[in-house]
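The values are calculated or read from the model by the stated rules, or taken from the named source; none is laboratory data. Remember, predicted model here, so these are calculated numbers, not experimental data. Cβ atoms come from the backbone with ideal geometry, glycine included; neighbour counts cover every protein chain shown. Heavy atoms of the whole protein, side chains included, go into the accessibility calculation; ligands, DNA and RNA do not. Shrake-Rupley method; radii C 1.70, N 1.55, O 1.52, S 1.80 Å.
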Amino acid sequence: MKSDFKILLINPWIHDFAAYDVWAKPLGLLYIAGVLNAHKLDVSYIDCLDRFHKNAKPVNPALRSGRGPYIKTAIKLPKGLEDVKRNYSRYGIPVSWFVDDLKSLNKKPDIILITSLMTYWASAVKETISVIKEVFTDIPVILGGIYASLCYEHAKKNSGADEVITGQGEKVIFDLIKKHTGFSIKNRFNPDDINALPYPALNLQSKINYVPVLTSRGCPFSCAYCASDFLNPNFYARDPFTVVNEILFWHKKYSVSDFIFFDDALLYKSAKHINLILQKIIDSKIKVRFHTPNALHIRWITLKTAKLMFMAGFETIRLGLETTEFENRKTMDKKVDKMQFQETVKYLKQAGFSRNQIGAYLLYGLPGQKNEQVEESIRVVKENNITPILAYYTPIPHTSMWDKAVSSSRYDLESDPVFTNNAIFPCRKEPFSWDTVAYFKKIIKE
């Protein structure tokens, strides 16, 4: 292999009605970067969502936990969404900054890897790739990530990438490099061994303001609205002590205080997994904060686990409740019953968590869902003295609810993933209404 072989990794823009950095990081892409770095390859990374870009205004240091607003630029509404009376924007660095970043690379890349997240951000992926192609006309661009995996045919046809891959990139990265560049690299890691992988290359970012952590991949549940079991068909848990060592590494070397658990099933088999992790963190006496935006399975929170969470430094608790129609939820998921929910809230309160720290996600915009059902769920959550948080439903291909979503929508969901945007409530027959959203927000605050 030539000595100046270079790989460029890119996190694309977002196109949406609203976007905010709530601990969002392209962890899969950064894991691939970590693998490439471990092979001593020349790796560069451009984050089109970089809030700490060298040209950006300084970020307010008072914003705790690493969250904050993206730079945004108004753009045209996508075709077919003219009925939505909301502003639409490109979120992330300006196009000119991106072009300058591409042109200022110390070496021309031999291959470019770009990830994708939400399916309805497909147009942002396409725009990102089109800009790349204007600067590097002859460099292969490989697209992977969630959109690429869930909407493979659409991505192949519309993204502009030279190749689209599905699933975990660590398994195919070196085959792709050989296929598109002719250079052969022997993988030193077993991609099926989650404990063997090096840490994600978060050090390639402009600033490490928080660290996302995966203690496992996959989920033992198969909820009707979730594609986790499609994206990760098998469940793998990391060794608890490797997780602790990673947290200690980022905290001690980079002074990181906020850690975000990205697991789909963080508390699964807690006695042999998360409880051991938390006890080790407590024993280390480090002062950190943990956040759970992906939601926790309610049935697995025991009093012991709740106490360990509190002592270890959990600050943001999000429960995957989804609905309080406990008797009629079997077709949607089998997560929790009424008694388990009430007991979990009691355990968290006994452990020391306040109402403001505990939020319960409630799905809104489900096919056939009535406003009265959502209002009742909000009421039940408030009666338990925790915070209701509306989570707008996104129709996702390859889920068991997808066919029902398609038949319930006022849009042709199968024609373009832009119509699955949860901000427009695509599975409600009536057009988007701010009045309905405002009403729910009002009763949550009352």
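Points to keep in mind about this one:
- Scanning the range 156-179 for residues that are of a type outside the set (Ser, Thr, Tyr) and open to solvent by 70 Å² or more (accessible area, probe 1.4 Å) yields 156, 157, 162, 171, 175, 178, 179.
- Single match in 348, 319 (criterion: open to solvent by less than 30 Å² (accessible area, probe 1.4 Å), part of a helix (DSSP H, G or I) and modelled with pLDDT of 95 or more): 348
Rundown of residues vs (1) modelled with pLDDT of 95 or more; (2) open to solvent by less than 40 Å² (accessible area, probe 1.4 Å); (3) of a type in the set (Ser, Thr, Tyr), yes/no style:
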site	(1), (2), (3)
236	no, no, yes
253	yes, no, no
261	yes, yes, no
273	yes, yes, no
277	yes, yes, no
285	yes, no, no
288	yes, yes, no
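- Odd one out for residue 411, checked against (1) within 17 Å of residue 444 (Cα to Cα); (2) surrounded by fewer than 20 Cβ atoms within 10 Å (Cβ to Cβ): (1)
- Of all residues assigned to the range 176-191, none qualifies as being outside any strand (DSSP E or B), in contact with a Phe, Trp or Tyr (Cβ under 8 Å, 6 or more places away or on another chain) and either without any contact (Cβ under 8 Å) to a residue 12 or more places away in the chain or more than 23 Å from residue 6 (Cβ to Cβ) (or both).
- Yes/no for residue 358 being out of contact with any Gly (no Cβ under 8 Å at 6 or more places or on another chain) and more than 30 Å from residue 431 (Cβ to Cβ): yes
- Restricted to the range 351-389, and to residues there that are in a strand (DSSP E or B) and open to solvent by less than 10 Å² (accessible area, probe 1.4 Å), the residue that is farthest from residue 289 (Cα to Cα) is 364.
- Selection count, the range 86-107, where residues are of a type in the set (D, E, K, R) and either free of Cβ contacts under 8 Å to residues at least 40 places away in the same chain or closer than 21 Å to residue 120 by Cβ (or both): 4
- Strands (runs of 3 or more DSSP E) enclosed by the range 1-110 - at least 2 residues per element that are modelled with pLDDT of 95 or more and within 18 Å of residue 202 (Cβ to Cβ): 6-11, 42-47
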